[in-house]
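Below: the structure, in structure tokens.
The values are calculated or read from the model by the stated rules, or taken from the named source; none is laboratory data. Keep in mind it's a predicted model, so treat the numbers as computed, not measured. Here the Cβ is made from the backbone with ideal geometry for all residues, glycine too, and neighbour counts use every protein chain on show. Surface accessibility is based on the protein's heavy atoms, side chains included, excluding ligands, DNA and RNA. Shrake-Rupley method; radii C 1.70, N 1.55, O 1.52, S 1.80 Å.
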Amino acid sequence: QLQLVESGGGLVQAGGSLRLSCVASGGTFSNYAVGWFRQAPGKEREFVATITRLSYTESKADRFTISRDNAKNTAYLEINRVEPEDTAIYYCAAGVRLARTTIRISSEYDYWGMGTQVTVSS
């Protein structure tokens, strides 16, 4: 069973940048699509970015860049020009049965990390 651990969250000033990491273990990481989602207090979990097994990517905005290093079993999310509205818990997720029509849907992912908190000060 794939296990995911996020890191890299913390307190950042608005306008700055942040890189989150998601390290996988317990499975063949390259077989999985990886997505990043976030959930702010009182709000539903929302899609941020995703990268497929073949490194096709989608993101909610150009400020978010997702990448992966299969040799390190790690996926990354870089957030540029952070805004206070980016404050949330960021979750990494992985799935094997995803298609381009479903990669933004959280329920299509099979495995989830515990999340990492990102707080943006204005």
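Here are a few things to note about the model shown:
- Percent accessible area from carbon and sulfur atoms, the stretch 28-96, protein chains only, probe 1.4 Å: 42 percent
- Extended-chain gain in nm, criterion 0.36 nm per residue less alpha-carbon gap, LYS43 and ASN70: 6.5 nm
- Projected area, mean over directions - the stretch 59-101, Cα convex hull, nm²: 4.2 nm²
- Farthest toward positive dipole pole in the chain [+1 Lys/Arg, -1 Asp/Glu at C-beta], among ALA49, PHE29, GLN13: PHE29
- Computed about the Cα centre, the dipole magnitude for the chain is approximately 220 debye when only Lys and Arg (+1) and Asp and Glu (-1) carry charge, each at its Cβ.
- Entry comment: accessible area of the chain is 52 Å² per residue, from protein heavy atoms only and a probe of 1.4 Å.
- Lys, Arg +1 and Asp, Glu -1 on Cβ, resulting dipole of the stretch 50-122 about Cα centre, debye, nearest 20: 260 debye
- Separation of the THR28 and VAL96 label points, Cα + 7 Å toward Cβ, nm: 0.9 nm
- Based on alpha carbons, the Rg and Dmax found for the stretch 1-88 are 13.1, 38 Å.
- TYR56 sits among other residues whose Cβ lies under 12 Å from its own Cβ, and their net charge, with Lys and Arg +1 and Asp and Glu -1, is +2.
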